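J.: Quick one: the structure is below, questions incoming.
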Amino acid sequence: MIQGIGASAGIAIGKAFVLPNWEWDLPETGIDAVDLANEFERLYEGIRTSKNEIEYIKNEFRDIVGEEESSIFDAHLAILDDPVFMNEIQGVIERQYKAAEVAVKEAIDHFVTMFDLLDDEYMKERAMDIKDVGNRLLKHLLGAPEVTLPSDAQPYVLVVKELSPSQLAHLNPSHVLGVVTMLGGKTSHSSIMARAIGIPLVAGIEGKLEIPIQTGDMLVMDGETGQLFVNPDQQTVARFECARTEQQMKKERLELLAAVEAVTKDGAEMRLSANISSVKELDMAVKYGALGVGLFRTEFLYMDRSSFPSEQEQFEVYCQVVQKMDGRQVVIRTLDIGGDKQLDYFPLPQEDNPFLGYRAIRISLERQELFQTQLTAILRASAYGKAKIMYPMISSLEEVRQANQILRRAMADLDARGIAYDANIPVGVMIEIPAAVTIADLLARECDFFSIGTNDLVQYVLAVDRMNEQIAHMYHPYHPAILRMLRTTVEAARNAGIPVSVCGEMAGDERSVPLWLGLGVHDLSMSIQSLLRVKHRILNTTAADARSVAEECYKFATNAEVEKLLTDFNESSRAENQNKPVEKGKDSHVS
């Protein structure tokens, strides 16, 4: 057994197909000074062709997994527009009289080496994006064909030194059982995409193989644990075949829960909603039993275009969402760009700490004409369904008041135009900054609802960048400080008589269910993939037991103690209900 990194869950059993490494036959001779213009033209043509190809792949991939995951390719487009990368290539051509393809290869090697020297796993994995873009450009400069994968053979486990997002986007899940990479980790773009597509992936096995894997070798891999077996014995194959069958049966059992209400065994009801980024995700959300949209990330409407969307364009999208949800709530978060979400046509200043900088509501309050356009579009859509407005990254009461002042201007504009809207549309804020928690009682007086954004709240409370693998072990959602922040927020909302919901990864972690029941939070919003797992957890517990566990959690002094209790409670309940039948109804419990 070889222990790699579990990057995308799932078990795969099949024969290996080893993808050759990128190798290029580059010219060894230099170019004459008179050929410089021609080399630059070849370079620019290669860049144009590469951009068009990346745009095509991005649009194709977006139809499969939605806006958020497909936006990975925006980073690739940005590299081709990056002046530092391009200047490096142009400098080699102009000063050293080398062919365009040689200059590109040297630039790739330079930046990849520089990133690899950094003591930061996240930056090392970003080097993969440089390689991917550079090799695409080399392919066009050299007129080299794409490395094609077998499509007429039996399904296989793909083995490759490192897999680029572009290559992964072309994989057919019906042919590829799983992927094994020598390099990479959980935060690489390829791993993120593999999870979105649902292809098991084990990464980081370089240096752990005594004999290289050959095409045709039998492989057994577990993308959750990171285990890989090369040419295993029959007992190992049989054991993992059973585990794979059990996983599939569990998935099918969970799908039966879509129409079942999320109610504990002693009658406590929970409302489970979905986080979405596009209209396309709605059908899947409803299929998996979402009772509403708890977070509509509107920033993805602003991406993959050359200018800001108009009021009419935004209205049509928001209207589609509220109409499709047919009376169920749709919480529309206003524009949340900045940090890792950039717009090509709206360049933001370079910042040392972009996640603490010019972003989200801060941009909206400065660019008020853009903000009012968005609010007007949301208001118009509110006439066609149950819409709510939510402001992101609020840190003060002044921000809420200023945003509401712009909202009132949007209402006055619609009144003057004679256009209908919901004059009583609920307006709330995301609680994701520690400052918002400490003044939650003040915010609650002027808000209609709270939504706790757990991802950023944990990051900001603990001062831990969750994208930095070097300190990822310090990102503790169950840290006592986080639990206290949650309790403070919920108590402030309850005292003010306003509803509070939770969104983010904690909402989608079934182990957290006792915390929400203990706090009296009955509204959760999560990724579509988490809906059925969390519902299963709710159906198989009692609110009384959950409250008891939650009370114990608040007595602990360390994250480890809290996490152990929640994990043990989750496992014991799962074992207790393992062989119970599937029943539909309010008092059902499902194994």
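The values are calculated or read from the model by the stated rules, or taken from the named source; none is laboratory data. These figures come from a predicted structure and were not determined experimentally. Heads up, the Cβs are rebuilt from the backbone with ideal geometry, glycines too, and the neighbour counts pull from every protein chain shown. Quick note on the areas: whole protein, heavy atoms, side chains included, nothing else; ligands and nucleic acids left out. Shrake-Rupley method; radii C 1.70, N 1.55, O 1.52, S 1.80 Å.
J.: Please work out the FRET efficiency for the pair Asp25 and Asp266, using the Cβ-Cβ distance as r and a Förster radius of 60 Å; give the result to the nearest 0.05. Walk me through the intermediate numbers first.
T.: Values: r = 70 Å, r/R0 = 1.17.
It comes to 0.30.
J.: Also: Enumerate the residues in the range 232-272 having an amide nitrogen under 12 Å from the point lying 7 Å beyond the Cα of Asp568 toward its Cβ.
T.: none
J.: Can you send over the carbon and sulfur percentage of the accessible area for the range 361-502, probe radius 1.4 Å, protein chains only? Don't skip to the end; give the middle numbers.
T.: On the way: 2770 of 5730 Å².
Roughly 48 percent, rounded to a whole number.
J.: On to the next question. Spin-label point model (7 Å from Cα, Cβ direction): what's the Tyr554 to Glu45 distance in nm?
T.: The modelled label-to-label distance comes out at 7.0 nm.
J.: Taking loop as defined by DSSP and a crowding limit of 13 other beta carbons within 10 Å, which trypsin sites (Lys or Arg not before Pro) in the range 156-240 fit?
T.: Numbers: sites: Lys161, Lys186, Arg195, Lys208, Arg239; in loops: Lys161, Lys186, Lys208.
Here the sparse-neighbourhood loop sites are Lys208.
J.: Tell me, what is the FRET efficiency for Asp326 and Gln154 to the nearest 0.05, using R0 = 45 angstrom and their Cβ-Cβ distance as r?
T.: Values: r = 45 Å, r/R0 = 0.99.
My answer for the efficiency is 0.50.
J.: What aspartates and glutamates sit close enough to Lys139 to cross-link, taking a C-alpha to C-alpha distance under 13 Å and skipping anything fewer than 8 places away on the same chain?
T.: Within the straight-line limit of under 13 Å, Lys139 reaches these aspartates and glutamates: Glu23, Asp25, Glu45, Glu53, Glu101.
J.: Can you list which of the DSSP-assigned H helices in the chain have a Cα extent of 27 Å or more along the long axis and an average Kyte-Doolittle score of at least -1.0?
T.: Long hydrophobic helices here: 36-65, 121-142, 397-417.
J.: For the pair Lys280 and Leu348, how long in nm is the line joining their label points, each one 7 Å along Cα→Cβ?
T.: 2.4 nm
J.: What's the longest uninterrupted piece of the chain once you rule out the GluC sites (Glu not before Pro) that are loop residues per DSSP with at most 12 other Cβ within 10 Å?
T.: Values: sites that count: Glu23, Glu28, Glu146, Glu210, Glu583.
The answer is 211-582.
J.: A further question on this structure: Report, by chain and number, residues whose modeled amide H sits under 5 Å from the one on Thr541, excluding near sequence neighbours (fewer than 5 apart, same chain).
T.: The list, which skips near neighbours in sequence, is Lys265.
J.: Let me ask something else. Please give the length that would be gained between Glu255 and Leu397 if that part of the chain were fully extended, namely 0.36 nm times their separation in residues minus their C-alpha to C-alpha distance (nm, one decimal).
T.: Values: separation 142, 0.36 × 142 = 51.12 nm, distance 4.29 nm.
That works out to 46.8 nm of additional length.
J.: According to the square roots a ≥ b ≥ c of the eigenvalues of the Cα gyration tensor, what is the shape class of the range 448-563, taking rounded for a/c under 1.5, prolate for a/b larger than b/c otherwise, and oblate for the remainder? Mind showing how you got there, number by number?
T.: On the way: a/c = 1.31, a/b = 1.25, b/c = 1.05.
Rounded shape, in that the Cα axes give a/c under 1.5.
J.: Once the Cα gyration tensor of the range 277-386 is found, what semi-axes does its equivalent ellipsoid get, as square roots of 5 times the eigenvalues, in whole Å, sorted largest first? Present the calculation step by step, with values, prior to reporting the outcome.
T.: Numbers: eigenvalues 138, 48, 29 Å².
Working through the eigenvalues yields semi-axes of 26, 16, 12 Å.
J.: Whenever you get a sec, line up Val286, Val562 from highest to lowest accessible area (probe 1.4 Å, protein heavy atoms). Before the final figure, lay out the partial values.
T.: Numbers: Val286 60, Val562 0 Å².
Correct descending sequence by accessible area is Val286, Val562.
J.: Cα-Cα over 24 Å: which of Lys208/Lys564; Lys131/Lys186; Lys58/Lys324?
T.: Values: Lys208/Lys564 31 Å; Lys131/Lys186 18 Å; Lys58/Lys324 26 Å.
Long pairs (Cα-Cα over 24 Å): Lys208/Lys564; Lys58/Lys324.
J.: Quickly work out the Ile439-to-Leu365 label distance, labels modelled 7 Å from Cα along the C-beta direction, and quote it in nm with one decimal.
T.: 0.8 nm
J.: Further, regarding this structure: Kirkwood Rh, the chain, all Cα pairs: how many Å? Please list the in-between numbers first.
T.: On the way: mean 1/r = 0.0382 Å⁻¹.
Kirkwood radius, the chain: 26.2 Å.
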